[in-house]
1. For residue 100, enumerate residues with amide H under 5 Å from its amide H, sequence gap 5+ or separate chain, H modeled in the peptide plane.
2. Too long at a 19 Å Cα-Cα cut-off: which of 92/202; 144/253; 164/204?
3. Name the long-range amide H neighbours of residue 30: under 5 Å, sequence gap of 5 or more, or other chain; modelled H, no Pro or chain starts.
4. Taking θ = phi - 60°, what integer Hz values does the Karplus form 6.51 cos²θ - 1.76 cosθ + 1.60 yield along segment 206-214, in sequence order, with x for Gly and Pro?
5. How far apart, in nm, are two points set 7 Å out from the Cα along the Cα-to-Cβ line at residue 141 and at residue 287?
6. Starting from the coordinates of the alpha-carbon atoms of the chain, obtain the Kirkwood hydrodynamic radius over all distinct pairs and give the value in Å to one decimal.
7. Hey, can you grab everything whose amide H is under 5 Å from the amide H of residue 134? Only 5+ residues off in sequence or another chain; H modelled, so Pro and N-termini drop out.
8. Mind checking the angle between helix 228-248 and the chain's longest principal axis? C-alpha axes, 0 to 90 degrees, to the nearest 10.
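Just so it is clear, none of the values below were taken in a lab; they were calculated from the coordinates. Predicted, not measured: the structure shown is a model, and the values here were computed from it. For neighbour counting, all protein chains shown are included, and Cβ atoms are generated from backbone atoms with ideal geometry for every residue, glycine included.
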Amino acid sequence: MNLEYRISFDGMDKLYFEKEALKNNAGNTIAEIDIVGSKIRVYINAVNCIRPNNVKPIGIVDAIKLELVQPQVIAFIKGYLQKHLQNQYSDKFIDDLKVVSLEVNLTLPCVGGATPSDVIHLMDMALDRTVVFRKRKPDSKCGKVNTSCLYSKPKEYRLKIYDKTYEQHEKGNPLVENNMLRIECVLIDRRLSRAFGTDKRKLKDILSKRAIEIMCVEYKKIFIEDIIPCVKEYLNNARDTLFESLLSSNTGKEISDTICRHRNLVADWQILRAALRKWYCFKGVEDRSKQMIYKYRQKGLGIPDGVLQTIKNFHHAVG
C-alpha cells in the first residue's frame, strides 16, 4: 500500500529527510515514511499491521483488525512530520495523504504435477507484453525454471504471477509449503479512482474493512474480465495450431511430429487432448485422445498436468 502527497514550501523545494520505519513485534515493516523534494512518501504493509509476516494474504476477518491499528499508523506518520517540519507542520498533511497504489493477492498450491513455473509459462503465453524472470534449475547446468511473470494494464493495474515458495525460501522462511503460486495485483490510477471514488483515497478510507472488501471485488473483476478471457483465447488458439499441425503430417507419426514442432504451446496435456479430439472428429474416426495422452505421458516428455486445474482453482477462489 503506497500513499503519496506533494507539499510545497516557499524556498524549501529541496527538502530531504531520511526514511523511518514502524516495525511489528517480528521486526517486519508496518509503515515507512520519508520526504524527498516536495513529496511525502508513505508505504504501509497492511498484513504486517496485524501479522508477523505476509506468507498468507489478508482476509475480511483480518481487515477488522486493521481499523484497530489505524491510530497507531497515523500517530507514527504524524510524529515523523511534526519532528521534521516543526512549525510548518499541519494536520492537513495527514488528511490529504492520497493512496497511489493498493496490492491485493491470492496464493494457492499448484495442482497435481504442475509447478509454479508451469503456470507462469501458461500465463506468459496468454497475456500480452509480459516480462518473465527465470533461474537455473537446481543441479542443472542448462535448464531454467520460471520464477515470476509481470504484466501491466496502463493506468489500471500491474500483475505479478510468481513462485511464492521460492520467494519465501529465498527470504529464509523454509517452512512455507511447496508449489505455492501467488497472483498479485496492484491497483493504480484510474482503477483506484473508479473503485473508491476520487475523494475516498485517503489514509482513513484505506485502513478499513470496507477498503479490503472493495479490493477483493476489484481483484475478482480483473481475474474474471481480463485474465480468464486471455487464457481461454490462448487455449483455443493453441488447440487450433496443434490441430492444423496434426492435419499437415502424413507420416503416421502425426502426434509425435506435432509435439516436437509445438512443444512450447502445450502448456498442459489437456490442450493437446482438445486438439486430438478435434482431429479425430475431423477424420470421422473413434476418439482415441484419452489413450494417446496416456501413451505419450509415459514417454516422460516434460509436459505438465494440472496447470489448467490450478487456474480453475484460482477462478473458483475469487468467487
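1. Long-range HN contacts for residue 100: 2, 3, 4.
2. 144/253; 164/204
3. Result for residue 30 returns 22, 23, 24.
4. 8, 7, 8, 4, 4, 5, 5, 4, 4
5. Distance between label points: 4.7 nm.
6. Working: mean 1/r = 0.0445 Å⁻¹.
The answer is 22.5 Å.
7. Residues meeting the amide H criterion: 147.
8. 20
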